[in-house]
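*Asks:* Dropping a structure here in structure tokens format, bear with me for questions.
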Amino acid sequence: MEFTNARILITGGSSGLGKATAQLLIERGARVAITGRDRSKLKQVAAELGAWALPYDASKESDIMAMYAEIDHEWGGLDVLVNNAGIGFFGPMDEVSWSDFETIFHTNVFGAALIGREAARRMKAQNKGNIINIASSAGVRGFKNGTVYAASKFAVRGMTECWRDELRPFNIRVMLVNPSAVPTAFNVENREEKPLKDNMLRPEELAHAMVSALAMDDRGFIPELGVWATNPF
């Protein structure tokens, strides 16, 4: 795809891989909107990057609809959705609560599904577009204490496969990215970034992978992409 003036929405864009991807796309000439629930942090990051701040909660349908109303008014369509907003917490399966599932699924699954739905409506109307869903290596293989989080990411992977089959006839590329461990603000209560480690992935590696996938000519696409640290041990 051509990045110059492309209209790109990145949910969860105020930190981590969302922020790194926004920066790289803006450097390529794209117009980028980022979302986040922390209004002050989002506006600060948007000003730093030259992005458009959309302070909406990805777990609430009313926020999602209000966000797309702004996008319609300002851009009149959307070329790329990076469905990145996500949360997680971990614990033994015999301590899992109903509220654990509700909290994580409202953002990671329900919110992602509705944000994707609204993107698809606009992209089908224009007969082109790109959707990247961010899942996890936990969406391919479960792990100890990961019942709720892994379930949410397996759900994202399943949704992505369905969307891919539905949207290909409309020239919409649907891609899934599965990062392994990346030190970010994910699962940090005060949302401060975790320190980077020499043997772990950085947000920049994920940003590079996504931008490279988008850069492919529109006649082809990468359905699913896993990004691992070379030697995290």
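*Asks:* Put +1 on the Cβ of each Lys and Arg and -1 on the Cβ of each Asp and Glu in the chain; which of 133, 42, 92 then has its Cα farthest toward the positive end of the dipole?
*Replies:* Sorting the options by dipole projection puts first 133.
*Asks:* Among 24, 109, 212, whose Cα sits farthest toward the positive end of the charge dipole of the chain (+1 at Cβ of Lys/Arg, -1 at Cβ of Asp/Glu, about the Cα centre)?
*Replies:* 212
*Asks:* Over 33 Å apart: what share of the alpha carbon pairs of the chain falls there, rounded to a whole percent?
*Replies:* 11
*Asks:* Treating only the Cβ of Lys, Arg, Asp and Glu as charged (+1, +1, -1, -1), what charge dipole size does the range 1-109 show about its Cα centre? Round to the nearest 20 debye. Mind showing how you got there, number by number?
*Replies:* Values: 9 positive and 15 negative charges, 95 e Å.
Computed about the Cα centre, the dipole is about 460 debye.
*Asks:* Cα centroids of the range 138-154 and the range 1-66: how far apart, whole angstrom?
*Replies:* Cα centroid of the range 138-154 versus Cα centroid of the range 1-66: 26 Å apart.
*Asks:* Want the number for residue 233 to residue 2: 0.36 nm per residue separation, take away the alpha-carbon distance, what's left?
*Replies:* Numbers: separation 231, 0.36 × 231 = 83.16 nm, distance 3.83 nm.
Here the segment from residue 233 to residue 2 would lengthen by 79.3 nm.
*Asks:* Using the Kirkwood radius over C-alpha pairs as Rh, can you work out the diffusion coefficient of the range 63-122 via Stokes-Einstein at 10 °C, viscosity 1.306 mPa s, in µm² per second? The partial results should precede the final answer.
*Replies:* Numbers: Rh = 13.2 Å.
Roughly 120 µm²/s, to the nearest whole number.
*Asks:* Let me ask you something else. By DSSP, what percent of the beta bridges with both residues in the range 7-227 are antiparallel, rounded to the nearest 5? Write down the numbers at each step before the final one.
*Replies:* Values: 0 of 24 bridges.
Counting DSSP beta bridges with both partners in the range 7-227, the antiparallel share is about 0 percent.
*Asks:* Could you grab the relative contact order for the range 87-233? Cα pairs under 8 Å, six or more apart, rounded to a whole percent.
*Replies:* Relative contact order of the range 87-233: 24 percent.
*Asks:* Between residue 215 and residue 196, what is the label-to-label distance in nm when each label sits 7 Å out along the Cα-to-Cβ direction?
*Replies:* 1.9
*Asks:* Also, quick follow-up: Note the full-extension length gain between residue 100 and residue 137 as 0.36 nm times their separation in residues minus their Cα-Cα distance, in nm to one decimal.
*Replies:* Extra length from residue 100 to residue 137 when fully extended: 11.3 nm.
*Asks:* Can you tell me the FRET efficiency between residue 208 and residue 65 if r is taken as the Cβ-Cβ distance and R0 is 25 Å, rounded to the nearest 0.05?
*Replies:* The calculated FRET efficiency here is 0.15.
Computed from the coordinates by the stated procedures, all read-outs in this text should not be read as laboratory data. As the structure is a computational prediction, the values presented were derived from the model and not from experiment. Cβ: placed from backbone, ideal geometry, glycine included. Neighbour counts: every protein chain shown.
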